Amino acid sequence: MTLLAVRGLTKRYGGRVACTDVSFEVYPGEVLGIVGESGSGKSTVLQCIYLETMADNGSITLDGEELTTVDAMRRRWLRSFRMGMVHQDAARGLDLGVSAGGNIAERLLAADWRHAGRIRARGTELLSRVEVAADRVDDLASAYSGGMRQRLQLAKAMANEPPLLLLDEPTSSLDVHVQAAILDLVKELHAQTGVAMVVVSHDLGVIRLLAQRTLVMYRGRVVESGITEQVLEDPQDAYTQLLVASSL
Ligand SMILES: Nc1ncnc2c1ncn2[C@@H]1O[C@H](COP(=O)(O)OP(=O)(O)OP(=O)(O)O)[C@@H](O)[C@H]1O
Ligand SMILES: [Mg+2]
C-alpha cells in the first residue's frame, strides 16, 4: 500500500520553474531522501505536499485522498493529523514569540485537547522524547538554540502522531556535533514510531544515514532514483556522478 503518491508535480514562480514533472511514492514506515544542489526544487516539493503552496500541475495523494483540491479547513486538518513538517527555516515552523509548550499546544488544541494540565503534560512528554529538558517548556521558542528549535519542530510535528513527517534540511543550519545528535534523534524516532519520512538534504551524508530510497533532483527535475546505496555507490546520471564525486 502506498502512503503518499506524487504524480507529475509542477510548480512555477512567475516564469521560473521551481520543480517540474516530479513523481514518486512513499510507503508506510519508509524514509525517502531527496538530494540536490541549492535551488533544485527540493523545498518546493515538500511545500506542495504540506499544502503551503499550491502546485500548478500534478496530483498528490495521501492515503488515497487527493490533496491538491481540498479546502482550507481540510488542509488544516491534514497538517495537524496526517503530516508534520520540520522546516528548513525554524521561524517558519515555529511561533518564536510563543513558549515551547505553547507551540506544541497549538497542535493539541487542533486535536480538541481542552484540559490545560493534560496539554502541559503531553507537551513535556513530547519535549522529553526529543531530549529537551522539561524545565524548558515555558521558555519562548526564540530563547531556544538552533538545535533545540529543530528538536521543538520535531516535537510539534509529532504531536498528533501523523503517519508522515516531512523534514526539510533538518540539520543544515547547525554545527557539526549538533547535526550528529539531531540525526541520531531522527533515526531513533523512526525506529520507535515507524513514521514514514521524506528527508530533504543537500548533504549526501544525511541521506546515506537516514534514507532507504533516494531521489536526486537537478534543476527542478528528478534525474535519478533508487535504493540509496545503489544511487550513491553506482550513480547512473551524470549530475549524480558529479554530486557523489564532489562529496568524497
Ligand atoms: N516563494 C518563491 N518565490 C519565487 N521563487 C521561488 C520561491 N520559492 C522557491 N523559488 C525558486 O524556485 C527554485 C527552487 O527553490 P527551492 O527552494 O525549492 O530549492 P531547494 O532545492 O530547496 O534549494 P536550497 O537547497 O537552497 O534550500 C529556485 O529557483 C527558487 O528561487
Ligand atoms: Mg530548500
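Coordinate-derived values only; no laboratory data. Computed from a predicted structure; not experimentally measured. Cβ atoms come from the backbone with ideal geometry, glycine included; neighbour counts cover every protein chain shown.
Could you please state, rounded to a whole Å, how far the C-alpha centre of segment 13-68 is from the C-alpha centre of segment 194-248?
So the two Cα centres are separated by 16 Å.
Relative contact order for the chain: what percent, with Cα pairs under 8 Å and sequence separation of 6 or more?
In percent, rounded to a whole number, it is 27.
Which of the lysines could a cross-linker span from Lys11 if the Cα-Cα distance has to be under 26 Å and same-chain partners fewer than 8 positions apart are dropped?
Cross-link targets: Lys42.
How many percent of DSSP beta bridges within the chain run antiparallel, rounded to 5?
55
Relative to the longest principal Cα axis of the chain, at what angle does helix 116-129 sit, 0 to 90 degrees, rounded to 10?
Orientation of helix 116-129: about 40 degrees from the principal axis.
Can you list residues from other chains, or at least 5 along the same chain, whose modelled amide H is less than 5 Å from the amide H of Arg221?
Thr20
Say R0 is 35 Å: what FRET efficiency, to the nearest 0.05, do Glu131 and Gln212 get from their beta-carbon distance?
About 0.90, to the nearest 0.05.
Cβ neighbours within 10 Å, averaged per peptide: list 224-236, 76-88, 34-46 in order, most packed at the top.
Highest-to-lowest ranking by the protection proxy: 34-46, 76-88, 224-236.
List the trypsin sites (Lys or Arg not before Pro) in segment 141-229 that DSSP assigns to loop (not H, G, I, E or B) and whose Cβ has at most 15 other Cβ atoms within 10 Å. Which are they?
Answer by residue number: Arg219.
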